[in-house]
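Q: Just dropping this structure here.
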Amino acid sequence: MQPRPPRLFEADDVLSGRISLDGYPFRLIYLVISAASFYAGTSIHPGDLGRVDVLLSAAELLETRGWQTVSVDAGGKLLCLRRVG
């Protein structure tokens with residue numbers, strides 16, 4: 001049995017093309033600024049604002065590819081997206 005694909009993806013990986021979710025087998029994913037910042041806490045610090053922009057830009061890119069933002073959590077450091085259609 002093969003391991004299940006991850007459901008947690010970093011925004012920079014999506015924007016840079018290191019990760020492609022075309023053909024991804026599940027409908028729900030988490031998109032984070034970075035795994036390290038996600039596990040570090042839920043508050044956004046002034047230094048995170050540029051990275052929040054990267055997160056939102058990655059979500060906007062995924063929305064053009066059939067994904068829809070469902071919720072924002074962890075103080076804006078995590079987005080849950082659902083593949084539509």
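Q: How about the range 28-72: which of its residues are assigned to a helix (DSSP H, G or I), of a type outside the set (A, V, I, L, M) and at pLDDT below 85?
A: Ser37, Phe38, Tyr39, Pro46, Gly47, Asp48, Gly50, Arg51
Q: Among all residue pairs at least 6 apart or on different chains, which show Cβ distances below 6 Å where the first residue, located in the range 73-85, is more than 13 Å from Ile29 (Cα to Cα) and modelled with pLDDT under 85 and the second is loosely packed, with under 15 Cβ neighbours inside 10 Å and not aromatic (Phe, Trp, Tyr)?
A: Within 6 Å, the pairs are Ala74/Thr42; Gly75/Thr42; Gly75/Ser43; Gly85/Gly66.
The values are calculated or read from the model by the stated rules, or taken from the named source; none is laboratory data. Please read these numbers as outputs of a predicted model, since none were measured by experiment. Heads up, the Cβs are rebuilt from the backbone with ideal geometry, glycines too, and the neighbour counts pull from every protein chain shown.
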